[in-house]
Amino acid sequence: MRHFLLPFALLLSVSLAAQVPSYVPTDGLVAWYGLETDALDASGNGNDLNIVGNPQWLTTNDQGYADLDGNGDYFFNADPSFPILNEVFLSCWVRIDAFGSGGGSNLKPIISKWNSSDAGENSFIVYESDNNIRWVSDYGLNSNPTFSYEHNWPPGEWHHIGAYYGDSLKLFIDGNCVSEGINVSQYDNSNSNFRIGDWYSSISSNYSTLDGGIRSVGIWNRGLSATEAQALFTEIPPIAGCMEEAACNYDADANLDNGSCIPSGCMEEGACNYNAEAECEGEACDYSCCPGPGCCGAGTHWDANLATCVVDVPDTVDAACTLMNLQELASGYAALVEQNAALDSLLAVCEGDGAANASGPCAGQDHVTYHGYDYAIVEIGDQCWFAENLQTEVYNNGEPLLSDLNSGSWSTTNEGSYSIYNGEETNSINLGFLYNWHAVTDERGLCPLGWNVPTEVAWISLEEYIESNHQTDEIGLHLKSTESWTSGNGINTYGFAARAAGYRSNESGVYNYIGNYTYFWSSTPSSSNSAFVRRLDYFSDNLTKYSGNDNLNQGFSVRCVKD
């Protein structure tokens with residue numbers, strides 16, 4: 001087999017008018033190869049390809065593509081350091097005319113940065129063999145590097161393939177995620193050349209190249225959302241806008257949230273559900289909560305600062321009621337409130353077991369009762385945390401969350417929802433519920449009054465306190481429980497007692513990794529479609545922070561922290 005490298009002058013002679021199509025997301029785009037009439041990078045980043053062999057530029061249904069003969073036609077980037085990425089999303093349309101079998105010289109390479117002679121020189125490869133599309137990454141480092149999709153395609157049929165490597169591994173076929181798992185290895189930036197239709201093999205000098213057509217090859221340095229991945233298949237631009245139905249500027253046509261939502265809600269400061277961020281009227285104001293306005297009888301109103309009902313001051317004052325009388329009354333009332341607070345604190349200490357400091361963040365209490373369940377609480381530094389995972393079926397105001405969603409509904413809902421791992425009651429008792437981020441940020445409140453789902457600031461405060469007493473890479477060891485982990489149990493130094501609760505996938509809706517991993521939500525968004533998350537795992541003593549990627553429908557555990 002002979003390879004021919006086209007002269008540089010011929011490369012310059014091809015059309016320079018290639019453009020990135022409107023349906024292609026440009027945020028994080030490293031290279032875009034239309035492969036309709038040339039091998040140039042249309043992204044403007046200058047990552048053009050060299051041509052080997054004699055690929056034909058053909059057209060079908062007004063769509064151009066490169067036709068490769070399976071006998072030495074392929075493309076490659078001459079810079080062995082390209083692309084250097086911490087995460088990568090690959091996309092292409094491919095037509096396979098002759099399928100592969102087995103491994104080595106008989107597989108059919110589609111996209112690769114691979115060198116079979118040395119595992120340390122491998123980054124990734126997408127190929128076809130034995131009626132499977134395979135997505136392999138970090139061979140020799142990842143304990144389970146291959147993701148497969150069994151197809152029944154006839155030869156000569158066009159299909160779209162997407163592959164993601166980052167905080168998880170995902171394989172997309174024709175716009176749908178068909179395989180997904182947690183990534184546990186480090187990305188290996190090898191010195192192998194990036195190739196299309198080929199891979200480097202030391203196994204045989206007669207190894208196969210792709211026999212078929214290929215076009216619309218893209219590389220991103222980030223994960224793409226499910227909507228963006230679908231748009232690469234449909235080739236219809238996504239519609240960006242506000243997707244929150246309750247927002248002032250909700251766009252019913254939008255299928256890509258652009259973070260522009262303007263919050264709505266109750267704008268009456270005295271209401272139970274007052275929303276200080278609301279810019280337009282939304283849900284009806286509620287005055288029935290207690291503690292809150294619902295506690296107050298005739299002639300009184302709720303004072304949010306004092307957290308109690310106070311007597312209404314009449315619009316007109318009797319002549320016998322002087323300013324001095326009112327001042328004395330207010331002073332006496334404030335003293336009474338202060339005295340009652342002191343008595344409540346003392347009572348809590350007397351009724352408790354004395355484990356918590358009455359003047360500490362948990363105010364001498366060792367548990368909190370919420371919707372009929374007693375949650376153990378623990379002081380860590382100057383914070384008071386739940387010592388077990390949340391398992392409430394209703395919001396703070398008593399309204400129910402969605403539950404019992406099937407896989408499809410779980411992946412697409414924009415409403416607050418919870419799941420029990422595999423629907424087994426014992427898992428809810430021992431591990432709590434798995435909530436999506438819509439539940440975490442719902443204005444009705446997921447945690448008890450005076451508590452909240454921890455912000456990123458709260459998580460960092462916890463980490464810094466533990467770091468001040470232990471090594472940085474052992475935070476997870478001190479937070480993990482002494483049981484429930486398949487291996488790598490913790491020592492539970494602070495009583496946080498994190499159990500290996502697993503998670504529910506936002507792509508497939510399946511449950512994964514009970515006994516091996518646990519994830520905790522932060523209420524702080526990391527982007528318009530993602531939020532910060534903390535992860536503990538069986539193979540490490542670390543507490544790992546993830547910024548996530550399109551993760552709002554993941555099912556993760558929740559811990560509450562006191563305001």
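The values are calculated or read from the model by the stated rules, or taken from the named source; none is laboratory data. Predicted model only: the values in this text are computed from it and were never measured. Here the Cβ is made from the backbone with ideal geometry for all residues, glycine too, and neighbour counts use every protein chain on show.
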- Can we say Asp253 is among the charged types (D, E, K, R), in a loop (DSSP other than H, G, I, E, B), within 28 Å of the chain's Cα centre (by Cα) and surrounded by fewer than 20 Cβ atoms within 10 Å (Cβ to Cβ)? yes
- Message: Whether any residue in the stretch 94-103 is under 27 Å from the mean Cα position of the chain (by Cα) and modelled with pLDDT under 80 is what I want to check.
- Response: no
- Going through (1) modelled with pLDDT under 80; (2) within 25 Å of Gly104 (Cα to Cα); (3) under 19 Å from the mean Cα position of the chain (by Cα) one by one, Tyr165 fails only at (1)
- Message: List the residue pairs whose Cβ atoms are under 6 Å apart, where the first residue sits in the stretch 458-476 and is assigned by TED's automatic domain parsing to the domain that holds Tyr494, the second is polar (S, T, N, Q), and the two are 6 or more positions apart or on different chains.
- Response: Trp459/Ser522; Asp473/Asn542; Gly476/Asn542
- Message: Only one of Pro109, Pro55, Pro83 is at pLDDT below 95, buried (at least 22 other Cβ atoms within 10 Å of the Cβ) and either in contact with a strand residue (DSSP E or B) (Cβ under 6 Å, 6 or more places away or on another chain) or under 25 Å from Phe172 (Cβ atoms) (or both). Can you tell me which?
- Response: Pro109
- Restricting attention to the stretch 459-481, which residues are touching a Leu at 6+ places or on another chain (Cβ under 8 Å) and under 16 Å from Cys384 (Cβ atoms)? Ile466, Leu479
- Note on the structure: Exactly one of Gly218, Gly241, Gly223, Gly181 is at pLDDT 90 or above and either assigned to a strand (DSSP E or B) or assigned by TED's automatic domain parsing to the domain that holds Phe556 (or both), and that residue is Gly218
- Those residues of the stretch 25-46 which are free of Cβ contacts under 8 Å to residues at least 40 places away in the same chain, over 26 Å from Asn255 (Cα atoms) and surrounded by fewer than 20 Cβ atoms within 10 Å (Cβ to Cβ), in sequence order: Thr37, Gly44, Asn45, Gly46
- Task: Give the residues of the stretch 508-527 that are within 20 Å of Val453 (Cα to Cα), of a type outside the set (Phe, Trp, Tyr) and either more than 11 Å from the chain's Cα centre (by Cα) or crowded, with 21+ Cβ neighbours inside 10 Å (or both), sorted by residue number.
- Result: Thr518, Ser522, Ser523, Thr524
- Item | Condition met for Ser216 (at positive phi and hydroxyl-bearing (Ser, Thr, Tyr)) | yes
- Query: In the stretch 480-524, how many are touching a Cys at 6+ places or on another chain (Cβ under 8 Å) and of a type outside the set (S, T, N, Q)?
  - Reply: 1
- Query: Restricting the stretch 288-309 to residues that are surrounded by 17 or more Cβ atoms within 10 Å (Cβ to Cβ), free of Cβ contacts under 8 Å to residues at least 24 places away in the same chain and assigned to a loop (DSSP other than H, G, I, E, B), which is nearest to the chain's Cα centre (by Cα)?
  - Reply: Gly292
- Task: Kindly indicate which of Thr300, Thr316 is modelled with pLDDT under 75 and of a type in the set (Val, Ile, Thr).
- Result: Thr316
- Mind listing whichever residues of the stretch 453-467 are over 26 Å from Asn516 (Cβ atoms) and in a helix (DSSP H, G or I)? Val457, Ser461, Glu464, Tyr465
- Please list, ordered by first then second residue, the pairs with beta carbon atoms under 9 Å, 6 or more apart or interchain, first in the stretch 215-242 and closer than 24 Å to Asn86 by Cα and touching a residue at least 60 places away in the same chain (Cβ under 8 Å), second polar (S, T, N, Q) and part of a helix (DSSP H, G or I). Ala226/Ser411; Ala226/Thr412
- Qualifying helices (runs of 4 or more DSSP H) (wholly inside the stretch 382-452; at least 2 residues being surrounded by fewer than 14 Cβ atoms within 10 Å (Cβ to Cβ)): 407-412, 425-431
- Given the conditions (1) outside any strand (DSSP E or B); (2) within 30 Å of the chain's Cα centre (by Cα); (3) of a type outside the set (Val, Ile, Thr), every one holds for Trp32 apart from (1)
